[in-house]
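Since the structure comes first, as structure tokens, the remarks are kept for the end.
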Amino acid sequence: MSQQKFLASQSIGSFLETLLREHRVLVPLCEGDSVVFRPFRKGGGLELTRMPTTSPKEATFPRVETLMSFTQKVSAPQEEDGGKERPEIELTEHLPQDSTVVFGSRPCGAKGKTIFSRVYDTEAVKDPYFIARRDNTLFISIACSAPETTCFCTSVGGGPADSTGSDILLIPVTDGFMAEAVTEAGAKLMESAFFDAGTQKAEEAQAVVERAETKLGQAQDFSNAREKLLKLFDNESFWEEMSAKCISCGTCTYLCPTCYCFNITDETAGNTGKRVRTWDNCMDYLFTLEASTHNPRSSKAKRLKNRVGHKFSYYPSLHEEHIACCGCGRCIKSCPAAVDIRQIVKSAQEYEDVNI
Amino acid sequence: MSTFNPYLPELATIQEIIQETHNIKTFRVVLNDEEKMKNFSFEPGQVGQLSVFGVGESTFVINSPPTRMDYLQFSVMKTGEVTERLHALNEGDQIGVRAPLGKCFPYEEMKGKDIIFIGGGIGMAPLRTLLLYMLDNRSDYGDISLLYGARTPNDMAYSYELEEWLSRDDMKTTLTIDAEYPDWQHKVGLIPNVLLEMNPSPKNCIAVTCGPPIMIKFTIQALTKLGFEDSQIVTTLEKRMKCGVGICGRCNIGTSYVCKDGPAYTYEQLKQLPNEL
Amino acid sequence: MKGLEELKDKIHEILPDLDLVIGWEQGYDGLHATPLFIKTPEDVDRLIIGPLCVHNLATYLPGLKDKKVGVIVKGCDSRAVIELLQEKLINKDNVVILGLTCDGVINLTKLGRKIGSLGAVDDVKVEGEKLNVVIGDQQHNIAFSEVKQDKCENCIYPNALVFDHFIGEPVDRVENVGAEHQSLSDFEGKSFDQRFAFWKHEMSRCIRCHACRNACPMCVCRDHCVAMTRNPHWLSQENNVAENWMFQMIHVMHLTGRCVECGECERACPMDIPLMLLRRQMNRGVREVFDYEAGIDAQNRPPLLTFKVEEDNISEREW
């Protein structure tokens, strides 16, 4: 473990101001009754106590981004075409250039992008938009000292002080945070004078983490969920029961730090246009609707089955048993109908087929 | 340094448009970048995403074989927003092409075997690629037969090639339509029934079938009845697709992403996937 | 809400003739109720009623059209059932309505404002007018009236308006008859620029999850909603103030004369956008122009679903 340094609460504003010189800085702010990640402004406040309503995935996977733009033109009359004009298209790629620091995410939120990476950055295919953002975004996360009733990070391979996906991990202590560099880029940021190597509160920090771990209680063992969910694939009544109260909206997917599905659509204005990528929602009927009007996931039961199956079965099967969930609990906490994904997976694990 | 962007289409020009049926058009397309067109390589069964800029993209199989590279050919049935706009384009118009995507037919494993193609309607498109590829590498394969059916003679794509296929002595072609039609010289009957009547031997044979889902379902039943093993049946799947590279999340059946792991599957592989077609 | 035992007895009595009965059960913590789909007599034991039972269960009815369904409704919820019946979006022959009387349900956003994070609540009890919230070894005593849903503050329909079985005794309690919610006059007291700035700010937070739409009992286009279709292509998929705002405008216009102000849109919104402001204003317009209130009588016709040569309150001839 690298050396811990102390970052005083009262220095955070000034520290973030220094970051603004080179980076876009995203921080959790109170907006209305929600806490959302927004650009930090000089002298602006921060909300570091409440768990942010939205996840910090917006930093590496924005709600909407322009992949490319195009202009439709007509060439000058061509002799070889018998003096006719020829239609032309000018295509421009828009790769992200920003450098971003996310300050104040929880470890579960920072972990989200590592779930993306296994899909967006493989031998076979590289998503240049995500990769550019991921490689130019630093996460300064705050270890969780107040797990909520909806939290289950320890059940999906995380923990209140898990540093996966973070560059610096801060652990809250009296009057500030003990900071620990996780990556070299993080260590570099910690060379700032705002980080004080003289103050040591390692024991207090340790106690904070242990308290949080205790509060999270016994982790749920999801290891056999992979096979159990597959086994239940054709069990319509099971999925109908699990999805009965679901209203098939996108709250769970859009707040999820690990949900990575997207849509691509073209938008035009006159002769110019753009191809945009937007978050998409597997719980939506149109997500899989084919032009022929056939829809392989025509009911919310089928859609929820795919959502849960993807996170707890298909993704782990494809990616060395990693569950595509970071246990932040946003999908439970913000669900208008209080659908609880932990309970669904548990029901699948405990399901005994009386007909077999 | 610029990295390869899998979302960025190559600009291409529509060289020729063929009206196949009342709702199917075939587009012969060349990439604008001559170097890229020259070096373009793909395998039979792989697909491409065609862009109409301002409207969007849609997935189609490349139905010209890699052995005939003067152009890339795509056949498009008018069913949705992108296909409607494609149908409105003219020769010389510009589109985008992202290709090749997906996996090919197991044409290497098929070498030395007898092949029976069973195509219905627009489902003939992917079979055409493989059929022409095999005809161009004729000595690699055993007997080749084709059963091609459509609702009526007017719904039969590639009608201008059928005479040649019928007259070739190195393949056997059977055509069928669903119901009696004036002046029709060939079979009348649904594809699975005609197939049973043809009674092909499953011995050392691979069946490749594509068409509407209901036709595929009954054709596979017929093939099984004829004694074909699951591993001897190859078909292709269709799903709504966006990214085409296995990321965007809508075309999966369990762990298999049709855009990158398909669209060609053996029936044996399909049976191992969850039932979500 | 009173009469849990009576309600359970009634459900036991009617369940054999039904596919299911929709009620509420305790959710994942002491603070959340969650919809319960009762199919067996054992399921009935899980039923709860009370101030946590916020969900308008009528929202599920159009999706269960082919089933015989019992549904438990509060006064406000029953108005949605009336509206659905009125528009023939459900078939009365397939629905058995269990009507309750209600003293108000909780608004978790307001409770959050009082006690900060709601993330670790162990238990919530209602003792008369007091709400007792237990978080670890802490206790918070809050006046229930301060954390009720807005709609409960001036509720004039505490009893279910339509029912096959009424549970308990109807209460004779009507508060602030005809009073508009304070939020509307507060908002209208602001200048145009302030109001516009307010909505721009609120709409920038919208994540376009469409929880407001899917939680709405009257939003029945769901799977074919203009928010996603390309034909018509009225909205793009871009998440920005203009598109978000346009969607909300379409939503509220589509609810003109149909919205029963059950408040589910605002309650469902994960970003706490005050969507009811829009509904309240639209409903006031409907009251003023058409003398109409939605969800009162199943024989009525929503004013925009019918045509009158001359409207009483629109003097077109003078234009």
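Figures for the structure shown
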quantity	calculated
Segment residue A:3-residue A:99, extension gain: residue separation times 0.36 nm, minus the distance between their alpha carbons	32.0 nm
Chain C: translational diffusion in µm²/s, Stokes-Einstein, Kirkwood Rh over Cα pairs, 37 °C, 0.692 mPa s	156 µm²/s
Calculated [θ] (222 nm, deg cm²/dmol) that DSSP helices of n ≥ 4 give over chain C, each run adding -39,500 (n - 2.57)	-8500 deg cm²/dmol
Globularity ratio of segment B:104-188, using Cα Rg and 2.2 N^0.38 Å	1.11
Lys/Arg +1, Asp/Glu -1 at C-beta; segment B:114-236 dipole; positive extreme among B:153, B:135, B:190	B:190
Expected 222 nm ellipticity per residue - DSSP helices of 4 or more, -39500 (n - 2.57), all of chain A, to 500	-7500 deg cm²/dmol
Relative contact order [Cα under 8 Å, 6+ residues apart], segment A:1-152, whole percent	22 percent
D_trans [Stokes-Einstein, Kirkwood Rh over alpha-carbon pairs] for chain B, 4 °C, 1.567 mPa s, µm² s⁻¹	67 µm²/s
Dipole moment magnitude, nearest 20 debye, segment A:285-356 about Cα centre, only Lys, Arg, Asp, Glu C-beta charged	420 debye
Segment A:225-350: projected area of the alpha-carbon convex hull, averaged over directions, in nm²	9.4 nm²
Ellipsoid semi-axes in whole angstrom, largest first, where each is sqrt(5λ) of the Cα gyration tensor of segment B:139-272	29, 19, 15
Cut-off 17 Å, label 7 Å out along Cα→Cβ of residue A:268, residues of segment B:47-86 by amide N	B:50-58, B:80-86
Amide proton proximity set for residue B:172, modelled H, under 5 Å, gap of 5+	B:144, B:145, B:146
Length added when fully stretched, residue C:291-residue C:132, from 0.36 nm per residue minus Cα-Cα	53.1 nm
From phi via Karplus (6.51, -1.76, 1.60), per-residue ³J(HN,Hα) for segment B:36-50 in Hz, x at Gly/Pro	5, 5, 5, 8, 5, 9, 7, 10, x, x, 6, 10, x, 9, 9
Estimated FRET transfer efficiency (residue C:42, residue A:320; beta-carbon r; R0 60 Å; 0.05)	0.90
For chain A: rounded, prolate or oblate by the Cα gyration tensor [a/c cutoff 1.5]	oblate
Scattering profile of segment B:53-110 at q = 0.17, 0.20, 0.25, 0.27 Å⁻¹ [log10 I(q)/I(0), Debye over alpha-carbon scatterers]	-0.68, -0.89, -1.24, -1.36
Residues A:334, A:292, B:139, B:256 arranged by fewest to most Cβ contacts within 10 Å	B:139, A:292, B:256, A:334
Label-to-label distance, nm, for residues given as residue C:93 and residue C:193 (7 Å Cα→Cβ offset)	6.2 nm
Semi-axis lengths, Å, segment C:108-147, gyration tensor of Cα atoms, sqrt of 5 times eigenvalues	15, 13, 7
Cβ charges +1 (Lys, Arg) and -1 (Asp, Glu), total dipole of segment C:38-132, debye	280 debye
Inverse mean reciprocal Cα-Cα distance (Kirkwood Rh) of the protein assembly as shown, Å	31.1 Å
Relative contact order of segment A:225-350, pairs being alpha-carbon contacts under 8 Å that are 6 or more residues apart, as %	34 percent
Between segment C:61-84 and segment B:108-156, the alpha-carbon center distance in angstrom	55 Å
Note, ³J(HN,Hα) from phi for segment B:169-180, Karplus 6.51, -1.76, 1.60, rounded to Hz, x at Gly and Pro	9, 9, 8, 10, 10, 10, 10, 9, 10, 5, 9, 3
Gyration tensor (Cα) of segment C:180-319, equivalent ellipsoid semi-axes in angstrom	26, 20, 16
Ratio of the Cα radius of gyration of segment C:70-183 to 2.2 N^0.38 Å, where N counts its residues	1.26
Order of C:234, A:279 - criterion: other Cβ atoms within 10 Å of each residue's Cβ, fewest first	C:234, A:279
Modelled FRET efficiency - R0 25 Å, residue B:38 with residue B:18, Cβ distances, 0.05 increments	0.55
Förster radius 45 Å - calculated FRET efficiency between residue C:183 and residue C:316 (Cβ-Cβ, nearest 0.05)	0.85
Bridge type composition, the protein assembly as shown - antiparallel percent by DSSP, nearest 5	70 percent
Rh (Kirkwood; distinct C-alpha pairs) - segment B:1-113, Å	14.7 Å
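Each reported figure results from applying straightforward, stated rules to the coordinates on display, with no laboratory input. Source: prediction; values computed, not measured. In this analysis, Cβ positions are derived from the backbone assuming ideal geometry, glycine residues included, and neighbour counts consider all displayed protein chains.
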